[in-house]
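Novice: The structure that follows is given in the form of structure tokens.
The values are calculated or read from the model by the stated rules, or taken from the named source; none is laboratory data. Because the structure is predicted, anything quoted here is derived from the model rather than measured. Quick reminder, even Gly has a Cβ in these numbers, built from the backbone with ideal geometry, and neighbours come from all protein chains shown. Please note that ligands, DNA and RNA were not included when accessible areas were found on the heavy atoms of the full protein model with its side chains. Shrake-Rupley method; radii C 1.70, N 1.55, O 1.52, S 1.80 Å.
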Amino acid sequence: MDTCGNLRNIALAAHVDAGKTTLCERLLFHCQAISVMGNVDAGSAVMDFLPEEQKRGISISAAAISCSWQDVRFNLVDTPGHVDFSGEVERSLSAVDAAIVIVSAVDGVEAQTEAVWQSLDTLALPRLVFINKCDRSEGSFQEVLTELSTRLGAQTVLLTLPLFAQDAEGEAPRLAGVMPLLPTSEESSDQEVQQLREELLERLADADERFLAHWLEGSFSDKNVINALARATKARKLVPVCVGSALHNLGIAELLNAMRTLLPAPSIAPEALSLPLKAQVFKIVWHGEQRFALLRLLQGKLSRHAQLAGSDTTEPLAIELFRPDADRFLDLDEASAGDIVAITGLAPKAGDILLQNQVVSARIPTKYPTVLSQSLEPYLEADYAPLGEALKRIADEDPSLEIARDSATGTYLVSGLGELHLEILRERLRREFGLTIRAQAPLVLHKETILHKAEAEVSCELSAGLGSVRLSVAPLAWSMTVQIRIAAACQAQEDERLALQTALEAVLTRGVLAGWPCAGIGVEILAIGPEKRRCPEALSKAACEALNKAIEEAGPILLSPWMQLELIAPESCLGAALHLLQSFDARIQGVKDLGQGSSLREARKRIVAEAALEQLKNFPTRLRSATGGRCHLVMRPRRFAPAPNSSL
């Protein structure tokens with residue numbers, strides 16, 4: 001069993017197509033966790049085991065695996081790079097202590113690189129950067145270093161230098177290997193290497209006071225350098241950078257050495273091992289008919305066949321303990337605080353905290369709202385129940401999906417982060433569950449809110465009794481949720497409170513303008529009556545009518561999702577891209593140079609804009625046509641704002 005000192009929990013994160021899964025494959029091969037290196041394009045990568053991943057050559061679901069390098073064991077979590085699966089990245093980062101951010105030497109810092117970086121900053125996670133695809137002639141690791149500084153504000157320190165060789169006169173140089181800049185005590189006849197080592201030491205002295213004293217005295221050893229660099233990395237004062245080519249297996253051993261020596265072990269106090277169990281679930285995986293919960297142990301120990309409290313039962317349940325290994329789960333006898341493991345036997349949700357005697361319901365926060373919804377129904381009447389169960393299972397694995405059912409028609413409404421998100425869902429329904437479904441075209445998900453405060457009072461008389469409700473509504477500008485409060489002066493009974501809560505939630509779920517859910521509205525019940533002959537049914541009806549009336553008087557408007565667009569365009573395509581954005585009523589927020597270009601690569605521009613999603617129909621197709629497919633586009637949900645046709 002590992003102690004925390006020789007354990008590293010590390011996420012691999014990147015923009016799509018930066019080579020993240022290929023790098024993970026090479027790390028596993030070097031650690032002898034696999035005997036043959038898989039290929040993403042051929043669909044043989046260990047970490048991309050879902051058929052949908054193998055078909056598209058991208059990661060869709062996070063996968064965890066363990067491997068060892070020298071005296072250290074790594075728990076690696078390979079995360080998706082496509083923006084539609086950003087929620088999966090957020091949940092995975094909550095379980096690790098550090099990350100490797102992979103950046104393509106060809107494409108540089110991209111939109112998802114920036115998003116991941118911000119998430120790492122929010123979670124205060126140390127990180128290494130691996131500049132991949134240095135074997136490509138159009139790549140430039142120097143330009144990437146500049147972008148890391150200018151776009152991400154990273155204080156980088158280069159650990160390895162690419163070495164190029166020319167096989168024959170007239171041929172382009174090829175990447176032959178990498179030169180480690182550590183240890184700095186080694187002499188080199190290469191002036192560039194010596195200069196880079198001096199820069200490394202200078203930046204380290206600026207970042208670490210303990211090393212500064214050694215550096216000023218000129219009395220430091222290689223061990224001093226490594227220890228200081230590890231401290232500066234953990235404190236997020238420096239970001240070490242390695243270079244190489246995952247495809248050609250170059251720079252991998254040097255990266256593993258950096259992971260081993262520079263990234264931190266789990267921060268677990270010795271006494272935490274003897275405390276009662278505490279663990280957080282970060283992912284649910286269905287493997288056939290067996291449900292696995294992946295969790296990070298925060299304190300205590302967990303053994304095979306341990307008894308844990310369930311979320312829906314008072315009796316302890318026996319669990320089974322496993323080590324996640326991509327699409328396999330290996331038997332495990334015991335694990336301690338700091339480790340990442342999988343269990344069966346309980347039914348927690350992602351985000352839940354497991355204690356010895358209870359499950360605390362929680363949710364890992366995500367900053368990405370659902371923006372598209374789609375209606376699904378089976379062709380066969382007998383498949384309605386199986387469809388509901390299948391959707392429940394898929395949403396169990398991916399909480400970013402929102403599932404609702406129309407009580408009138410029986411159809412299911414599925415909301416997700418983008419078209420690919422919903423497309424993958426439909427494919428899984430067909431492949432895993434054998435369901436033939438009818439799907440409407442995706443609809444842009446709107447919300448309804450109000451502009452002003454308002455009050456309303458309604459009285460209702462039913463055969464069962466009377467009820468009157470006076471309530472107020474107010475906009476919650478800082479929130480996209482709804483809040484319901486019953487004033488203490490109301491003195492409502494428990495059954496009355498439940499009836500009022502249920503009635504108001506029903507109105508807020510369907511809105512008053514176009515049937516969309518409400519957001520950013522606070523509701524307060526100020527008074528109820530009368531004292532005699534009052535009944536929950538009459539209160540419920542009065543509350544519904546009063547809330548509808550108050551919202552109508554409060555200036556209801558539609559909100560639609562606004563997307564942030566990032567376009568990386570060659571300079572020759574800039575005019576066409578800007579013209580197209582303007583024709584789609586996008587708000588252009590800035591245009592920035594991404595280097596001066598070279599003989600191998602045209603200078604590029606980064607365009608940032610925003611637009612309402614409903615206005616962007618066919619925009620990607622039109623962009624490909626207008627720029628000859630040379631412009632790279634990323635769209636991500638940014639915020640909900642008044643729909644273009646809403647009047648303030």
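Novice: Residues in region 547-583 near a label at Gln615, defined as backbone nitrogen under 20 Å from the 7 Å Cα→Cβ point?
Specialist: 557-568, 575-583
Novice: Here is a follow-up. Go through region 343-360 residue by residue and turn each phi into a ³J(HN,Hα) via Karplus (6.51, -1.76, 1.60, θ = phi - 60°); whole Hz please, and just put x for glycine and proline.
Specialist: Taking θ as phi minus 60°, the curve returns 9, 10, x, 10, 10, x, 10, 4, x, 4, 9, 9, 10, 4, 10, 6, 10, 9 Hz for region 343-360.
Novice: Over the chain, give the accessible area per residue in Å² for a 1.4 Å probe, as an integer.
Specialist: Using a 1.4 Å probe on heavy atoms only, each residue of the chain averages 45 Å².
Novice: Please sort 249-260, 193-204, 605-616 by packing, taking for each peptide the average over its residues of neighbouring beta carbons within 10 angstrom, highest first.
Specialist: 249-260, 605-616, 193-204
Novice: Express the carbon and sulfur contribution to the solvent-accessible surface of the chain as a percent, rounded to the nearest whole number, probe 1.4 angstrom.
Specialist: So the carbon and sulfur contribution to the accessible surface is 49 percent.
Novice: Using only DSSP helix segments of four residues or longer, with each worth -39500 (n - 2.57), what per-residue ellipticity at 222 nm results for the chain after dividing by its residue count and rounding to 500?
Specialist: -8500 deg cm²/dmol
Novice: Right, another one. In sequence order, what are the phi-derived ³J(HN,Hα) couplings for region 121-131 according to the Karplus relation 6.51 cos²θ - 1.76 cosθ + 1.60 with θ = phi - 60°, rounded to whole Hz, with x for glycine and proline?
Specialist: Per-residue couplings from phi come out as 5, 4, 8, 6, 9, x, 7, 10, 10, 10, 8 Hz.
Novice: In region 445-470, whose amide N lies under 17 Å from the spot 7 Å out along Cα-to-Cβ of Glu419? List them in ranges.
Specialist: Within reach of a label on Glu419, which here means backbone N under 17 Å from a point 7 Å along Cα→Cβ, region 445-470 contributes 445.
Novice: Arrange the peptides 475-481, 356-362 so that the one whose residues have, on average, the most other Cβ atoms within 10 Å appears first.
Specialist: In decreasing order of mean packing, 475-481, 356-362 become 356-362, 475-481.
Novice: Please give the length that would be gained between Lys392 and Arg174 if that part of the chain were fully extended, namely 0.36 nm times their separation in residues minus their C-alpha to C-alpha distance (nm, one decimal).
Specialist: 73.4 nm
Novice: Then there's this: Rank these by accessible area, largest first, 1.4 Å probe: Thr113, Thr621.
Specialist: So the residues, ranked largest to smallest area, are Thr621, Thr113.
Novice: May I pose another question? How far is helix 574-583 tilted off the main Cα axis of the chain, in degrees rounded to 10, range 0 to 90?
Specialist: Long axis of 574-583 versus the principal axis of the chain: about 0 degrees.
Novice: At each listed q (0.05, 0.08, 0.09 Å⁻¹), what is the log10 of I(q)/I(0) that the Debye formula gives for the chain modelled as equal alpha-carbon point scatterers?
Specialist: Rounded to two decimals, the profile gives -0.28, -0.71, -0.88.
Novice: Amide H neighbours of Ala527 under 5 Å, at least 5 residues apart or on other chains, H built in the peptide plane: list them.
Specialist: Distant-sequence amide H within range of Ala527: Arg470.
Novice: How about the chain: what cysteines have no other cysteine beta carbon under 4.7 Å from their own?
Specialist: Cys4, Cys24, Cys134, Cys242, Cys460, Cys490, Cys518, Cys535, Cys544, Cys573, Cys631
Novice: Then there is this: To check my understanding: the extent here is largest minus smallest coordinate of the Cα atoms along each principal axis. What are those three numbers for region 196-341, in Å, largest first?
Specialist: Its Cα atoms span 64, 42, 22 Å along the three principal axes.
Novice: Note the angle between two axes, namely the Cα long axis of helix 252-262 and the longest principal axis of the Cα atoms of the chain, as a number of degrees from 0 to 90, rounded to the nearest 10.
Specialist: The answer is roughly 70 degrees.
Novice: What are the trypsin sites (Lys or Arg not before Pro) within region 377-462 that DSSP puts in a loop, where the Cβ has at most 14 other Cβ atoms within 10 Å?
Specialist: Taking region 377-462 and a limit of 14 other Cβ atoms within 10 Å, the loop trypsin sites (Lys or Arg not before Pro) found are Lys453.
Novice: Amide H of Arg639 versus every other amide H placed in the peptide plane: which residues, excluding those fewer than 5 positions away on the same chain, fall under 5 Å?
Specialist: Under 5 Å from the amide H of Arg639: Trp562.
Novice: Taking a point 7 angstrom from the Cα of Lys223 along the C-beta vector, which residues in region 236-261 have backbone N less than 17 Å away?
Specialist: What the label zone holds, given the 17 Å backbone N cut-off, is 261.
Novice: Once R0 is set to 56 Å, what does the formula 1/(1 + (r/R0)^6) return for the Cβ-Cβ distance between Ser407 and Asp333, expressed as a FRET efficiency to the nearest 0.05?
Specialist: Efficiency for this residue pair is about 0.70.
Novice: Restricting to Cα pairs below 8 Å that are 6+ residues apart, what does the relative contact order work out to for the chain? Please round to a whole percent.
Specialist: Relative contact order, the chain: 10 percent.
Novice: Just to confirm the number: angle between the C-alpha axis of helix 191-207 and the first principal axis of the chain, 0 to 90 degrees, nearest 10?
Specialist: Relative to the chain, helix 191-207 is tipped by roughly 40 degrees.
Novice: Contour minus end-to-end for Gln194 and Ala362, with contour as 0.36 nm per residue of separation and end-to-end as the Cα-Cα distance?
Specialist: 55.3 nm
Novice: Mind checking region 303-382 for chymotrypsin sites (Phe, Trp or Tyr not before Pro) that DSSP puts in a loop (not H, G, I, E or B) and that have at most 13 other Cβ atoms within 10 Å?
Specialist: Answer in residue order: Tyr379.
Novice: Sticking with this structure for a sec: Read phi for every residue in region 57-65 and hand back ³J(HN,Hα) as whole Hz from Karplus 6.51 cos²θ - 1.76 cosθ + 1.60, θ = phi - 60°, with x for Gly and Pro.
Specialist: Karplus-based 3J(HN,Hα) across region 57-65 equals x, 10, 7, 10, 10, 5, 9, 10, 7 Hz.
Novice: What is the distance, in nm, between label points placed 7 Å from the Cα along the Cα-to-Cβ direction at Arg497 and at Glu524?
Specialist: Going by the 7 Å Cα→Cβ label model, 1.8 nm.
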